[in-house]
Amino acid sequence: MMRCAFCGGAEKAATTEYIEKQGNYIIVIKNVPCMKCEQCGEVYFSTEVIKVIEKILNAIQMIASELTVTVIDYEQNTAA
């Protein structure tokens, strides 16, 4: 079992929202798979998940010049 680097609590599989501000807009990616500490709530992403997040952010950056808030569903962007 993995332990939280901050508090030592147990981690469990979960989903979360990833929120990032880029320039003048905010991107929300929902349903992102993660490991979450049961004690403090700290979230950890696998390398594969980070790669998908980066792919989503790069794609949004190209069309987001007029957007202020973007909500993306992680699960809908993993089917390649």
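Regarding region 56-71, can at least one residue be identified that is surrounded by 15 or more Cβ atoms within 10 Å (Cβ to Cβ), assigned to a helix (DSSP H, G or I) and out of contact with any Asp or Glu (no Cβ under 8 Å at 6 or more places or on another chain)?
Yes, region 56-71 has at least one match.
Could you list, in sequence order, all residues of region 1-26 that are part of a loop (DSSP other than H, G, I, E, B) and either hydroxyl-bearing (Ser, Thr, Tyr) or surrounded by 12 or more Cβ atoms within 10 Å (Cβ to Cβ) (or both)?
Cys4, Cys7, Gly9
Do you know which residues across region 27-43 are in a loop (DSSP other than H, G, I, E, B) and surrounded by fewer than 15 Cβ atoms within 10 Å (Cβ to Cβ)?
Glu38, Gln39, Cys40, Gly41
Need pairs with beta-carbon distance below 9 Å; first residue under 12 Å from Ala5 (Cα atoms) and within region 37-62, second basic (Lys, Arg); sequence gap 6+ or separate chains.
Cys37/Arg3; Cys37/Lys12; Glu42/Lys36; Val43/Lys36; Tyr44/Lys36
Bear in mind these aren't lab numbers, they're just calculated from the coordinates by the rules spelled out. None of the values given here were measured: they were computed from a predicted structure. No Cβ is skipped: glycine too gets one built from the backbone with ideal geometry, and neighbour counts run over all protein chains shown.
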